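Structure first, commentary second.
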Amino acid sequence: MVQMKRILSLLLVLGAWMIFSTEGFAQRLAYVNTQYVLNKMPEYSQAKKELDRSTVKWEGEIQVLLDDASALTLALEAEKVLLTPSLLEERQKAIESIQTQARSLQMKYFGPEGELYTKQQELVKPLQDQVFSAVQDVARKKKLDFVFDQGTTLGVLYAAESNDISEEVLQKLGIN
């Protein structure tokens, strides 16, 4: 679905480019594969290794809790008929508590604002910013109008300000 959107947006831009180029307004287009560029950066490889090490460590912590809960569940099933209702309830609560701890750790490490996200922002984002800045510099130097990203779903990485029609659209809509 995302790939289809990228292809459709690229076709729309190329179609607009073909229309304008026949009227003497040729647009200069280029693309870059940012993932390829990042993979060539030694700093990115180091950042990925560090993220992988942290991920393995955190997954291990969570797995220990899940294994404990599983072992307690198996033991509970084997002893169920011998336990009093209050002891049965106590053990079930202990299992649920361990499972809750595991879910809590999952959110802490891998949730939307978790430690993995924070670590990615700390290690990878500066490198992505470096690549983005280099793309802008190259685009300006080569007098490009648009630079597309082939390596991700971002689409347009650079667009010359002279191609911004936002104000004209606002005027057309009667918004000042």
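Throughout, read-outs are computed from the coordinates displayed, never taken from laboratory work. Everything quoted here is computed from the prediction, not taken from an experiment. For neighbour counting, all protein chains shown are included, and Cβ atoms are generated from backbone atoms with ideal geometry for every residue, glycine included.
Using the Cβ-Cβ distance between M41 and A159 with R0 = 22 Å, the FRET efficiency computed as 1/(1 + (r/R0)^6) comes to roughly 0.35. Label sites at L76 and L51, each approximated as a point 7 angstrom past Cα along Cα to Cβ, lie 3.7 nm apart. Computed across the range 44-166, the Kirkwood radius stands at 18.9 Å (inverse of mean 1/r, all Cα pairs). Between Y31 and Q101, the modelled label-to-label distance comes to 5.0 nm, taking each label 7 Å out from Cα in the direction of the beta carbon.
The lysines within cross-link reach of K143, meaning a Cα-to-Cα straight distance under 26 Å and a gap of 8 or more places when in the same chain, are K40.
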